[in-house]
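A short write-up of the structure that comes next.
The values are calculated or read from the model by the stated rules, or taken from the named source; none is laboratory data. Small disclaimer: the values here were computed from a predicted structure and weren't measured. FYI the Cβ positions are ideal-geometry reconstructions off the backbone, even for glycines, and counts take in every protein chain you see. Heavy atoms of the whole protein, side chains included, go into the accessibility calculation; ligands, DNA and RNA do not. Shrake-Rupley method; radii C 1.70, N 1.55, O 1.52, S 1.80 Å.
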Amino acid sequence: MVQAYRADTENAGTGPQGPGPRLRALRHRLATDPGIWRRGILLALCAILLTLMMIFHAEIPNTIGNTGSLIETFLPWFGLLVPLLFLLGLVRRSAAALIAVLLPAVVWLNLFGGLLFADKSGTGGDLTVATHNVNAGNPDPAGTAQQVAGSGADVVALQELPGGKVAAYEEALAARYPHHSVQGTVGLWSKYPLTDSRPVDIKLGWTRAMRATVSTPQGSIAVYVAHLPSVRVKLHAGFTANQRDKSADALGEAIADERLDRVALLGDLNGTMNDRSLNAVTAQMRSTQGAAGDGFGFSWPASFPMARIDQIMVRGVEPLSSWTLPATDSDHLPIAARIAL
């Protein structure tokens, strides 16, 4: 009987432990681990460098391959490095790394948390505008045009219109939009009368930008449509964007000279609002997505959007909502916004 009692007691003492003792044991190991502050120093330095890069991204020079603009184009995606560094810090059991990773997390939330977690969209408004780079190789121009028109937009801007397909877009949009103007490879369709339609010189040698006055029941607004030159990422040359930058400067000058107080810019700018090379435009206009959008509003590439290079910007009016539209047969997503005049 005595032996049986001892056996039962010993077996009970070696049974599973509750979470309390386990946590105390873990805290004890961490408190008595002499390397917890020495391990992971490299991870901590990486977290600090990531923090500095996000804070001072505007100071990163563009002299070598437009590195600064390339980083700014995809700046929101650097937030993915934060959970990666955190997991590596856990694996290394490094207190230094886990504390350091809080720095880029706070900075990223300060830069982009408002876009990701706050829906700033409102209701009402006087004018809905939409813009879409339809892609010159689009196999279904009529279907793409009808999809964009189905958004209910009062004004539609299209870019990358090949000469041989303009008639297809015009025919598809004629019923909804009695007024339109095509200048070079960009066009504007409107439910309201258009006047003073003309090309805008963005220093390319051919027309990829235009301006028109839209006469709405609430008054006139100058609408610019632009398709800035494409940029490329090359191993030997970096982020090649010199022609895009020159065209952005020229477009900024044209908008600065605009006499009407109400102005809207619709188009594919091949750059994000963070890219300092577009300052000539972005410094004088508001992004509808930034002011009244829900989320980042990425528009390119349509198959897996990574950046918002298609823009709706305004001056002298109030953005109320901004959103992306369903994919078409283009490699860009169409975008739309509602504004109060």
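Screening THR324 on (1) closer than 20 Å to ASP154 by Cβ; (2) surrounded by 24 or more Cβ atoms within 10 Å (Cβ to Cβ) shows it passes everything except condition (2). Residues that are in contact with a Ser or Thr (Cβ under 6 Å, 6 or more places away or on another chain) and among the small types (Gly, Ala, Ser) within the stretch 305-341 comprise ALA307, SER321, SER322, ALA336, ALA337, listed in sequence order. Within the stretch 90-112, residues that are farther than 15 Å from PHE56 by Cα sit with their Cβ atoms under 6 Å from residues that are open to solvent by 70 Å² or more (accessible area, probe 1.4 Å) and outside any helix (DSSP H, G or I), at 6+ positions apart or across chains, in these pairs: ALA95/TRP37; ALA96/TRP37.
Within the stretch 199-209, is there a residue that is within 18 Å of VAL129 (Cα to Cα) and buried (at least 20 other Cβ atoms within 10 Å of the Cβ)? Yes, that holds for at least one residue. Among the residues of the stretch 296-306, is any more than 20 Å from the chain's Cα centre (by Cα) and without any contact (Cβ under 8 Å) to a residue 24 or more places away in the chain? Looking through the stretch 296-306, none of the residues is more than 20 Å from the chain's Cα centre (by Cα) and without any contact (Cβ under 8 Å) to a residue 24 or more places away in the chain. When the stretch 53-80 is filtered for residues that are among the small types (Gly, Ala, Ser), under 18 Å from the mean Cα position of the chain (by Cα) and surrounded by fewer than 19 Cβ atoms within 10 Å (Cβ to Cβ), only ALA58 remains.
Going through (1) open to solvent by less than 40 Å² (accessible area, probe 1.4 Å); (2) part of a helix (DSSP H, G or I); (3) touching a residue at least 40 places away in the same chain (Cβ under 8 Å) one by one, GLN147 falls short only on (1). Residues of the stretch 260-294 that are open to solvent by 40 Å² or more (accessible area, probe 1.4 Å), in a strand (DSSP E or B) and closer than 19 Å to GLU72 by Cα: ARG286 alone.
Within the stretch 126-144, being surrounded by 16 or more Cβ atoms within 10 Å (Cβ to Cβ) and in a helix (DSSP H, G or I) holds for PRO141, THR144. Which numbered condition trips up THR123, out of (1) hydroxyl-bearing (Ser, Thr, Tyr); (2) surrounded by 15 or more Cβ atoms within 10 Å (Cβ to Cβ); (3) at pLDDT below 95? Checking THR123 against (1) hydroxyl-bearing (Ser, Thr, Tyr); (2) surrounded by 15 or more Cβ atoms within 10 Å (Cβ to Cβ); (3) at pLDDT below 95, the one that fails is (2).
Table: residues versus (1) touching a Ser or Thr at 6+ places or on another chain (Cβ under 9 Å); (2) free of Cβ contacts under 8 Å to residues at least 60 places away in the same chain; (3) not β-branched (Val, Ile, Thr).
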residue: PHE56; (1), (2), (3): no, yes, yes
residue: LEU116; (1), (2), (3): no, no, yes
residue: VAL155; (1), (2), (3): yes, no, no
residue: GLN159; (1), (2), (3): yes, no, yes
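Just one residue in the set ILE60, ILE71, ILE64 is under 21 Å from PRO305 (Cβ atoms) and either modelled with pLDDT under 95 or not aliphatic (A, V, I, L, M) (or both); that residue is ILE71.
The set of residues from the stretch 295-328 being within 18 Å of GLY79 (Cβ to Cβ) and touching a Leu at 6+ places or on another chain (Cβ under 9 Å) comprises GLY295, PHE296, GLY297, PHE298, PRO305. On the basis of being small (Gly, Ala, Ser) and buried (at least 17 other Cβ atoms within 10 Å of the Cβ), does ALA167 make the cut? When the stated conditions are applied, ALA167 does not pass them. One residue alone among ALA175, ALA157 is among the hydrophobic types (A, V, I, L, M, F, W, C), assigned to a loop (DSSP other than H, G, I, E, B) and modelled with pLDDT of 95 or more, and that residue is ALA175.
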